[in-house]
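Here, each number is a calculation from the coordinates, and none is a lab measurement. Fair warning: this is a prediction, and the values are worked out from it, not measured in the lab. Cβ sites come from the backbone with ideal geometry, for glycine too, and all protein chains shown count toward neighbours.
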Amino acid sequence: MAKKIGVTMEVGNDGVAVITISNPPVNSLASQIISGLKEKFQDANQRSDVKAIVLTGNGGRFSGGFDINVFQQVHKTGDISLMPEVSVDLVCNLMEDSRKPLVAAVEGLALGGGLELAMACHARVAAPKAQLGLPELTLGIIPGFGGTQRLPRLVGLEKGANMILLSKSISSEEGRKLGLIDELVPPGDLLTTSRKWALDIALLSDTAKALVHVFFAQRATSKVPKVTDVGLKPRPMKKVAVIGGGLMGSGIATALLLSNIRVVLKEINSEYLLKGIKSVEANLKGLVSRGKLTQDKASKAFSLLKGVLDYSEFKDVDMVIEAVIENIQLKQKIFKEIEEVCPPNCILASNTSTIDLNVIGEKTNSKDRIVGAHFFSPAHLMTLLEIVRTENTSAQVILDLMALGKAIKKVPVVVGNCIGFAVNRTFFPYSQAAHMLVNLGVDLFRVDSVITSFGLPLGPFQYISPSCLVVLMLGDLAGHGIGIAVKDIYAKAYGDRMFSSPLTELLLKSGRNGKINGRGYYIYEKGSKPKPDSSVLSVVEESRKLTNIMPGGKPISVSDKEIVEMILFPVVNEACRVLDEGVVIRASDLDVASVLGMSFPSYRGGLLFWADTVGPKYIYERLKRLSETYGGFFKPSRYLEERATKGMLLSEPKSSRSRL
Ligand SMILES: CCCCCCCCCCCCC/C=C/C(=O)SCCNC(=O)CCNC(=O)[C@H](O)C(C)(C)COP(=O)(O)OP(=O)(O)OC[C@H]1O[C@@H](n2cnc3c(N)ncnc32)[C@H](O)[C@@H]1OP(=O)(O)O
């Protein structure tokens with residue numbers, strides 16, 4: 001039977017193109033093979049359905065090298081043009097510089113030009129006992145496809161020179177030890193493993209794309225139209241008052257002190273004031289014990305703190321940051337008072353994470369000086385600072401707060417004034433969806449594990465809340481009592497798409513308030529990892545009885561992928577509304593805020609970058625089907641529907657034309 005000579009390419013559903021050399025018996029690199037390889041590599045790099053490439057040889061051999069018959073012809077004819085251009089055209093430009101990852105699947109042998117092609121790939125997977133070498137000197141020529149450079153780089157100069165000068169082959173086992181081979185697998189797994197390697201490297205490049213996006217997105221947050229581009233200069237903030245020495249207030253005070261800003265910390269009585277000062281001291285001590293701060297610097301920072309019980313020290317402050325409990329009347333009272341006692345240009349900021357700033361400033365006449373300075377807990381560690389502006393906040397005030405944010409090593413993101421602002425609003429469906437899944441019968445510890453595998457540091461039930469309220473039904477670490485406090489505010493604003501679960505209240509009733517008292521969904525013991533508390537399942541059962549949403553009373557069965565989609569697609573959906581209402585200046589601001597405020601994995605590029613890789617159309621269709629089954633909580637937003645149907649990315653600015 002005539003032997004089949006040529007190069008084939010097959011593209012799998014996984015997006016991997018397998019290019020195979022066929023030229024029995026040793027797959028020598030005859031001229032038609034070389035031209036076939038050039039054609040297939042060009043094709044693979046151009047095809048949009050090809051994510052990565054695997055190069056292999058047919059018949060259990062990778063390649064015995066360049067076709068020695070050509071040399072014989074050159075000897076006979078002296079016609080050097082018979083030598084095809086390989087080194088630069090094929091090996092460097094099409095293989096080594098391929099935009100798509102290229103992995104060699106090596107079996108049997110890779111000799112001479114065969115090994116040189118394998119070394120031009122980005123990784124090499126081999127079966128055992130394959131013969132690897134550059135025996136060109138036995139033919140009186142040198143390894144001319146770059147082997148003299150690539151082999152020493154892979155195995156070291158001495159070993160590389162030895163193999164070349166002595167035409168000494170090695171086995172794939174030795175190649176693995178030397179670093180010439182990246183993984184050794186049984187012949188039956190060779191292609192599968194090579195495909196996985198190729199995709200992993202492709203994913204790495206997706207990761208690189210995502211991380212580069214976050215890098216530039218973070219820098220873009222400092223560009224605020226009509227604030228940073230109108231010639232204003234930030235005013236120095238030398239003395240700042242913080243009202244409220246609780247978890248947030250003491251964290252904010254710590255962050256300010258660490259940047260040598262004098263802080264006046266006000267509380268309502270000496271007991272609370274002492275507690276607040278002790279919290280600041282503990283924050284500083286924690287940084288010293290973790291080696292993040294020297295003791296001298298900690299002492300210096302602490303010396304800039306002054307605790308007060310009245311407003312006597314407020315007459316020369318540059319800014320006040322209110323950080324008391326989320327009580328509207330109390331905040332309104334405080335803002336009326338500080339307007340009277342502070343200098344006329346003093347910035348009046350609130351660290352509220354939920355309440356409308358216009359409501360907070362209702363009893364004042366200084367609407368232009370009112371701004372939100374929304375820190376994320378722990379405030380001295382988390383880098384995101386949401387600067388919340390109302391329609392009245394002046395550009396100068398915004399610029400001053402941006403400059404202060406940078407001075408205290410935060411990443412300021414300017415956002416609009418709505419319930420929950422950008423991050424808390426976007427992510428409020430996050431935990432509600434998790435609660436819905438649990439009430440539908442899904443195991444809550446499985447939900448946490450799936451979400452952490454996706455890349456968030458903790459699952460929704462063991463959640464570190466940023467400024468304590470992002471998910472309403474908070475996880476263990478923030479304490480469940482807080483979440484309930486603001487649930488009504490969200491219900492009034494977003495009730496048409498909320499899921500109300502009694503689980504949090506039932507948890508509190510059972511004496512579990514999260515890490516604060518050592519027990520929540522998990523058991524927290526000093527010095528050990530949180531352990532799932534199986535006894536909490538009785539509380540979960542009670543919640544399921546009350547909500548009674550399991551279809552036919554039976555738990556739903558969902559895949560891990562569906563869990564991720566049911567929790568994160570509603571978050572993307574709410575982000576679309578945030579974009580639609582112009583709460584953020586640009587989509588990438590929300591990517592930065594999701595990474596820094598919610599610990600959304602930066603290697604996925606942030607929430608919307610990730611959503612665009614999943615595809616708006618897919619997300620829209622999934623949410624539509626989910627809303628048909630589970631109701632309005634999943635109802636696609638107008639913005640998402642529009643982008644999906646017009647084939648536009650979610651991150652495209654509103655002015656972009658659709659692609660259709
Ligand atoms: C010269 C003038 C040129 C001037 C320009 C100079 C420029 C310099 C740079 C040029 C570019 C060079 C870059 C690359 C160079 C090379 O790759 S050179 C070739 C390197 N490879 C080898 O040296 C391997 C040689 N072959 C073997 O060692 C063995 O054949 C084997 C591969 C280990 C297999 O052994 P075995 O199973 O015992 O089978 P054999 O009987 O030896 O061979 C089976 C048949 O295959 C034929 N064959 C083997 N290798 C090649 C080959 N590379 N090209 C063509 N044909 C090959 C062999 O002749 C047998 O054929 P039949 O007898 O017809 O069955």
Next on the checklist: Once you place label points 7 Å from the Cα toward the Cβ at Asp49 and Asn365, how far apart are they in nm?
Outcome noted: 7.1 nm
Checklist entry - Which order do Met9, Met83 fall in if you start with the one that has the fewest other Cβ atoms within 10 Å? => result Met83, Met9
Checklist entry - Hey, what did region 6-204 get for relative contact order, percent, Cα under 8 Å, at least 6 apart? => result 20 percent
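Let me have the 222 nm mean residue ellipticity of the chain computed from DSSP H runs of 4+ only, each contributing -39500 (n - 2.57), with the sum over all residues rounded to the nearest 500. Before the final figure, lay out each step's value.
Values: 23 runs with 287 residues, N = 660.
Estimated from H runs of four or more residues: -13500 deg cm²/dmol.
Could you sort out which of Lys266/Lys336; Lys624/Lys646; Lys223/Lys406; Lys331/Lys367; Lys331/Lys406 sit more than 20 Å apart by Cα distance in this structure?
Too far apart for the 20 Å limit: Lys331/Lys406.
Apply 1/(1 + (r/R0)^6) to the Cβ-Cβ distance of Phe215 and Glu542, taking R0 = 60 Å, and write down the FRET efficiency to the nearest 0.05. Can you show the working numbers first?
Details: r = 47 Å, r/R0 = 0.79.
That pair, Phe215 with Glu542, gives E of 0.80.
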Checklist entry - Which FRET efficiency, nearest 0.05, do Glu271 and Ser510 yield, Cβ-Cβ r, R0 30 Å? => result 0.50
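Given axes a ≥ b ≥ c from the Cα gyration tensor, I'd like to know whether region 360-440 is rounded (a/c under 1.5), prolate (a/b larger than b/c) or oblate.
Judged from the Cα gyration tensor, region 360-440 comes out oblate (a/c at least 1.5, b/c at or above a/b).
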Next on the checklist: Run the numbers for Leu203 and Gln149: contour at 0.36 nm per residue of separation, minus the present Cα-Cα distance, in nm.
Outcome noted: 16.6 nm
Checklist outcome for this item: Using the Kirkwood radius over Cα pairs of region 239-416, the Stokes-Einstein translational diffusion coefficient at 25 °C and 0.890 mPa s, in µm²/s and rounded to a whole number, is 154 µm²/s
Checklist entry - Going highest first, how would you order 324-336, 42-54 by mean Cβ packing within 10 Å? => result 42-54, 324-336
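Rounded to the nearest angstrom and ordered from largest down, what semi-axes does the equivalent ellipsoid of region 146-186 get from its C-alpha gyration tensor (root of 5λ)?
Working: eigenvalues 65, 24, 12 Å².
Semi-axes (√(5λ), whole Å): 18, 11, 8.
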Next on the checklist: Can you give me the distance in nm between label points at Asp443 and Ile141, each placed 7 Å from the Cα along the Cα-to-Cβ direction?
Outcome noted: 6.2 nm
Next on the checklist: Principal axis extents for region 423-646, Cα atoms only, whole Å, descending order, please.
Outcome noted: 50, 41, 33
Checklist entry - For region 169-255, what are the per-bin percents of Cα-Cα distances with bins 10 Å wide, up to the bin holding the maximum? => result 12, 17, 19, 15, 11, 15, 10, 1
Checklist outcome for this item: Restricting to Cα pairs under 8 Å and 6 or more apart, the percent relative contact order of the chain works out to 9 percent
Item to check | Inter-centroid distance (Cα atoms) of region 148-205 relative to region 279-333, Å | outcome: 57 Å
Checklist entry - Considering only DSSP states other than H, G, I, E and B, which chymotrypsin sites (Phe, Trp or Tyr not before Pro) in region 494-562 qualify as loop sites with at most 10 other Cβ atoms within 10 Å? => result none
Next on the checklist: I need the per residue convex hull volume for the chain, using only the alpha carbons, in cubic angstrom as a whole number.
Outcome noted: 213 Å³
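What are the trypsin sites (Lys or Arg not before Pro) within region 197-268 that DSSP puts in a loop, where the Cβ has at most 16 other Cβ atoms within 10 Å?
Those satisfying the criteria are Lys223, Lys226, Lys238.
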Item to check | Cα-projected label distance for Ile80 with Asn392, points at 7 Å along beta-carbon direction, nm | outcome: 8.4 nm
Checklist outcome for this item: Cα extents of region 6-204 per principal axis, largest first, Å, are 47, 34, 28
Next on the checklist: Give me the extension gain from Asp296 to Ala161: residue separation times 0.36 nm, minus the current Cα-Cα distance, reported in nm with one decimal.
Outcome noted: 43.0 nm
Checklist outcome for this item: About its Cα centre, the chain carries a charge dipole, from +1 on Lys and Arg Cβ atoms and -1 on Asp and Glu Cβ atoms, whose size in debye to the nearest 20 is 820 debye
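Over the Cα atoms of region 1-110, what is the Rg over Rh ratio if Rh follows Kirkwood?
0.99
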Checklist entry - Lys/Arg Cβ at +1, Asp/Glu Cβ at -1, dipole of the chain taken about the Cα centre: which of Gly147, Val288, Phe427 is farthest positive-ward? => result Val288
Checklist entry - According to the square roots a ≥ b ≥ c of the eigenvalues of the Cα gyration tensor, what is the shape class of region 555-660, taking rounded for a/c under 1.5, prolate for a/b larger than b/c otherwise, and oblate for the remainder? => result oblate
Next on the checklist: Can you compute the radius of gyration and Dmax for region 119-233, using only the Cα atoms, both in Å?
Outcome noted: 23.0, 75
Next on the checklist: Assuming 0.36 nm per residue, please report the length gained on full extension of the stretch Arg625 to Ser22 beyond their Cα-Cα distance.
Outcome noted: 212.3 nm
Checklist outcome for this item: Plugging the Cβ-Cβ distance of Asp189 and Cys92 into 1/(1 + (r/R0)^6) at R0 = 41 Å yields, to the nearest 0.05, a FRET efficiency of 0.85
